[in-house]
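K.L.:
Quick one: structure below, then a few questions.
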Amino acid sequence: MYRPSPYEGLQTLFAEGKKLSDKERLAFAYGPLLSWYREHKRDLPWRKNKDAYRIWISEIMLQQTRVEAVKPYFFRFMEHFPTVEALASAPDDELMKCWEGLGYYSRARNLKKAAGVIVEQYGGSLPNSHEKLLDLPGIGSYTAGAIASIAYEIPAPAVDGNVLRVLSRVCGSRDDILKQSTKKKMEGLVSEVIQEGEAGDFNQALIEIGAIVCVPNGAPLCDSCPFYTVCAAREEDLIGEIPVKTPKKKRKIEEKTVLILQYGERIAIRKRGEEGLLASLYEFISVPGKLGSEELSELFDEPITPEKLPEAKHIFSHVEWHMNGYRIPITKIPSRLSGDRPEDFILAEFEELKDRYPIPNAFAAYKEFLIKRFEK
Ligand code: ADE
């Protein structure tokens, strides 16, 4: 069991029955937190050195996915785009293929845009200024703080949802952590205590506590926590109530029928439009609504024998897709489905579905069906 040694001055304050301020809680735990981090930090690929480019890419990937899931993406991305210059001139389809499965594709597009700015304005190195980092496309206060502190030791806060959970528990704060004002307040608090020279370790220590001690799901491991002595939520038995998060609005539900149109050995796909959800990625042909096989046959210029596929669901931040699907062998391109952009209707070979065209995870169930069916 990890118990920090008594913090300087803390016992006097406790003995006098004084309630600690938020800043005192963080300041008292500062040393033990850093020692804990240096002893317990995970060995992660983006921690091998302080290269700002690697840190940037990892932080963007980690915004949407768990550490273990990010690792293979991170290695692959670094292989394809080892430098800012390589990323700035990345072919869009190759970039999206590398991102396929991570979701939030606008993040990958912003990476490329920002890489262009970094090459043009900063000679290919990420600027070592919090403000200049914040100005880059796709970099918000958390990411700017993470890069500035981890790569350059600039004492800037890096407060994401996980760090907010830790800090609101330590401070016993019932402020809604989804509110911008709460984040601003906690960033202010971190700014008051973070020290030059240890900024990277301090921010990563908070991240690490959020990941492996004060965990998002399930009971926190308070007995192993360097905040144990100063944590208000532990002391007042408020772990179950903090952090406070107001429920989000309900997502809109969209039903659709996914059609795996099989033309000989090839499968029909199409490129999505340049704007909106999953812009410029590739998808199987689909139609709105959950259609039965009777309704389907009206869409084709020949008799069809649809094979029913499993239903699937994909949850985006604001919408849910509820899908049913069919595999349908065809010998003619169905004019009603190739629609108004026939040039975007592609008959792709099976190998190209795997290696060439970025197809978002929303279609994973149907892509997996094809892999099982066709992989030799
Ligand atoms: N989550 C967000 N940033 C992280 C980092 N640098 N290391 C581990 N997990 C993280």
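The values are calculated or read from the model by the stated rules, or taken from the named source; none is laboratory data. On a predicted model such as this, the values are computed, not experimentally measured, just so you know. Backbone-built Cβ (ideal geometry, glycine too); neighbour counts: all protein chains shown. All accessible areas refer to the heavy atoms of the entire protein, side chains included, with ligands and DNA or RNA removed. Shrake-Rupley method; radii C 1.70, N 1.55, O 1.52, S 1.80 Å.
K.L.:
All but one of (1) surrounded by 13 or more Cβ atoms within 10 Å (Cβ to Cβ); (2) at pLDDT 95 or above; (3) not charged (D, E, K, R) hold for G289; state the number of the condition that does not hold.
P.N.:
(1)
K.L.:
Scan segment 164-197 for residues that are farther than 26 Å from P247 by Cα, assigned to a helix (DSSP H, G or I), of a type outside the set (G, A, S) and open to solvent by 20 Å² or more (accessible area, probe 1.4 Å) and jot them down.
P.N.:
Listed by number, the list holds a single entry, E192.
K.L.:
So which residues in segment 121-163 are in contact with a helix residue (DSSP H, G or I) (Cβ under 6 Å, 6 or more places away or on another chain), under 22 Å from A29 (Cβ atoms), open to solvent by less than 40 Å² (accessible area, probe 1.4 Å) and in a helix (DSSP H, G or I)?
P.N.:
A146, S149, I150, V163
K.L.:
Here's something else I'd like to know. Of (1) more than 21 Å from the chain's Cα centre (by Cα); (2) of a type outside the set (G, A, S); (3) closer than 22 Å to P32 by Cα; (4) more than 15 Å from the ligand (Cβ to nearest atom), K185 satisfies all except one. Which?
P.N.:
(3)
K.L.:
Of all residues in segment 214-244 being without any contact (Cβ under 8 Å) to a residue 40 or more places away in the chain and within 16 Å of the ligand (Cβ to nearest atom), which is most open to solvent (accessible area, probe 1.4 Å)?
P.N.:
Filtering first and then ranking leaves N217.
K.L.:
Now for a different question. Can we say G200 is open to solvent by less than 60 Å² (accessible area, probe 1.4 Å), assigned by TED's automatic domain parsing to the domain that holds Y37, within 15 Å of the ligand (Cβ to nearest atom) and farther than 25 Å from S35 by Cα?
P.N.:
no
K.L.:
Could you tell me which numbered condition N361 fails, if it satisfies all but one of (1) closer than 20 Å to G273 by Cβ; (2) surrounded by 19 or more Cβ atoms within 10 Å (Cβ to Cβ)?
P.N.:
(2)
K.L.:
Could you check how many residues of segment 3-27 are modelled with pLDDT of 85 or more, open to solvent by 40 Å² or more (accessible area, probe 1.4 Å) and not charged (D, E, K, R)?
P.N.:
2
K.L.:
For F300, indicate whether it is over 30 Å from Y105 (Cα atoms) and open to solvent by less than 40 Å² (accessible area, probe 1.4 Å).
P.N.:
When the stated conditions are applied, F300 passes them.
K.L.:
A further question on this structure: Of all residues in segment 259-278 being hydrophobic (A, V, I, L, M, F, W, C) and open to solvent by 10 Å² or more (accessible area, probe 1.4 Å), which is nearest to D93 (Cα to Cα)?
P.N.:
Here the answer is L278.
K.L.:
Related question: Would you confirm, using the coordinates I've provided, whether I154 is within 16 Å of the ligand (Cβ to nearest atom) and more than 30 Å from R356 (Cα to Cα)?
P.N.:
It is true that I154 is within 16 Å of the ligand (Cβ to nearest atom) and more than 30 Å from R356 (Cα to Cα).
K.L.:
Looking at (1) free of Cβ contacts under 8 Å to residues at least 12 places away in the same chain; (2) outside any helix (DSSP H, G or I); (3) not small (G, A, S), can you tell me which one L309 breaks?
P.N.:
The number of the failed condition is (1).
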